[in-house]
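The structure follows.
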Amino acid sequence: MDEIWEEYDTDNSGSLDKNEAKRFIKNTLTEFYDESDISDGDFEAAFHEFDKDGSGTIEKNELAVFVRRMKRGNFSDNESFD
């Protein structure tokens, strides 16, 4: 997880802003699904889904839950972000 975080938190702020998160999502779609296109609406929905605290950024623990869900192919909202 630390390697993923270092790659995408390019400004070292400790959270992913929307630009950093969009790059992560596009790269992840390419890696898992051989598809990098994501509409603005789909991106906003995904960003909102993982920004559980509503801060406008994605923290490391929120990204970790996303990565675990991707690995399992499970996107249900029953996993804790704590």
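Could you tell me whether region 29-42 includes any residue that is surrounded by 12 or more Cβ atoms within 10 Å (Cβ to Cβ), modelled with pLDDT under 90, at negative phi and not in a helix (DSSP H, G or I)?
The answer is yes; a qualifying residue exists.
In this structure, is Lys52 in contact with a helix residue (DSSP H, G or I) (Cβ under 7 Å, 6 or more places away or on another chain) and at pLDDT below 90? Steps first, please.
On the way: in contact with a helix residue (DSSP H, G or I) (Cβ under 7 Å, 6 or more places away or on another chain): yes; at pLDDT below 90: yes.
Yes, satisfied.
Could you grab me the full set of residues in region 47-60 that are surrounded by fewer than 17 Cβ atoms within 10 Å (Cβ to Cβ) and either within 16 Å of Glu3 (Cβ to Cβ) or of a type in the set (A, V, I, L, M, F, W, C) (or both)?
Lys60
In addition: So which residues in region 4-23 are assigned to a helix (DSSP H, G or I) and at pLDDT 90 or above, if there are any at all?
Passing the criteria: Trp5, Glu6, Glu7, Tyr8, Lys18, Asn19, Glu20, Ala21, Lys22, Arg23.
Would you be able to tell me the number of residues in region 12-36 that are in contact with a helix residue (DSSP H, G or I) (Cβ under 9 Å, 6 or more places away or on another chain) and closer than 13 Å to Ile58 by Cβ?
Looking only at that region, the number is 12.
Right, here's the next one. In region 55-69, what count of residues is obtained for those that are of a type outside the set (A, V, I, L, M) and either closer than 13 Å to Ile25 by Cα or at pLDDT below 85 (or both)?
The qualifying residues number 3.
Still on this structure: Select from region 6-64 the residues that are in contact with a strand residue (DSSP E or B) (Cβ under 8 Å, 6 or more places away or on another chain) and among the hydroxyl-bearing types (Ser, Thr, Tyr) and list them in ascending order.
Once the filter is applied, which keeps residues that are in contact with a strand residue (DSSP E or B) (Cβ under 8 Å, 6 or more places away or on another chain) and among the hydroxyl-bearing types (Ser, Thr, Tyr), region 6-64 yields Tyr8, Ser15, Ser55, Thr57.
The values are calculated or read from the model by the stated rules, or taken from the named source; none is laboratory data. As the structure is a computational prediction, the values presented were derived from the model and not from experiment. Backbone-built Cβ (ideal geometry, glycine too); neighbour counts: all protein chains shown.
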